[in-house]
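One structure below.
The values are calculated or read from the model by the stated rules, or taken from the named source; none is laboratory data. Note that the structure is predicted; figures quoted are calculated from it, not measured. Accessible surface areas use protein heavy atoms only, side chains included; no ligands, DNA or RNA. Shrake-Rupley method; radii C 1.70, N 1.55, O 1.52, S 1.80 Å.
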Amino acid sequence: MAGFVAPSRLAALTKLRCSIFQTSYNPESLRTGAKYLRRRLRGPSMVGYYPESFNIPQIIRKYKELEMVDDDEEERLIDVMDRKKRGKGAPKKAKAKEDSRRLNKRR
């Protein structure tokens with residue numbers, strides 16, 4: 001039996017090989033995720049793939065000379081006015097502390 005090598009000697013050889021070649025010593029073959037950590041990061045290429053988003057209300061405020069109209073904001077303002085006409089709008093804010101509904105509430 002000249003070809004038999006003790007498992008402890010093989011383990012020592014593996015440990016030495018890992019220290020020489022700067023790899024991780026993993027005798028139990030546990031999952032370490034090293035394959036995914038070595039890979040190139042996806043983030044920068046994904047950020048470059050999607051165009052920068054723009055904010056229409058911000059552009060309208062910045063360039064007033066273009067006289068652009070934000071349709072969504074106009075629709076919202078019309079809806080608020082319609083609700084107020086029907087009496088469904090937000091209540092008026094109290095100017096003084098006495099006007100507050102909380103103080104008039106009985107406990």
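Per-structure values
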{"quantity": "Residues of the chain: accessible area per residue with a 1.4 Å probe, Å²", "calculated": "110 Å²"}
{"quantity": "Fraction of accessible area attributable to carbon and sulfur, the chain (%, probe 1.4 Å)", "calculated": "55 percent"}
{"quantity": "Mean ellipticity per residue at 222 nm, deg cm²/dmol - from DSSP H runs of n ≥ 4 across the chain, formula -39500 (n - 2.57)", "calculated": "-14000 deg cm²/dmol"}
{"quantity": "Between 0 and 90°, nearest 10: helix 71-85 axis offset from the chain longest Cα axis", "calculated": "50 degrees"}
{"quantity": "Those aspartates and glutamates that a straight Cα-Cα span of less than 12 Å connects to K88, excepting residues fewer than 8 apart in one chain", "calculated": "D79"}
{"quantity": "Candidate lysines - alpha carbon under 21 Å from K92, same-chain residues fewer than 8 apart omitted", "calculated": "K84, K105"}
{"quantity": "Candidates L77, L37, L16, ranked by Gaussian network fluctuation over the chain, Cα under 10 Å, top entry", "calculated": "L16"}
{"quantity": "Cα long-axis angle, helix 7-21 against the chain (0 to 90 degrees, to the nearest 10)", "calculated": "60 degrees"}
{"quantity": "From phi via Karplus (6.51, -1.76, 1.60), per-residue ³J(HN,Hα) for region 39-50 in Hz, x at Gly/Pro", "calculated": "5, 5, 6, 8, x, x, 6, 6, 5, x, 6, 8"}
{"quantity": "Accessible heavy-atom area order of Y36, Y25, highest first, probe of 1.4 Å", "calculated": "Y36, Y25"}
{"quantity": "Cα principal axis extents for the chain, largest first, Å", "calculated": "100, 55, 23"}
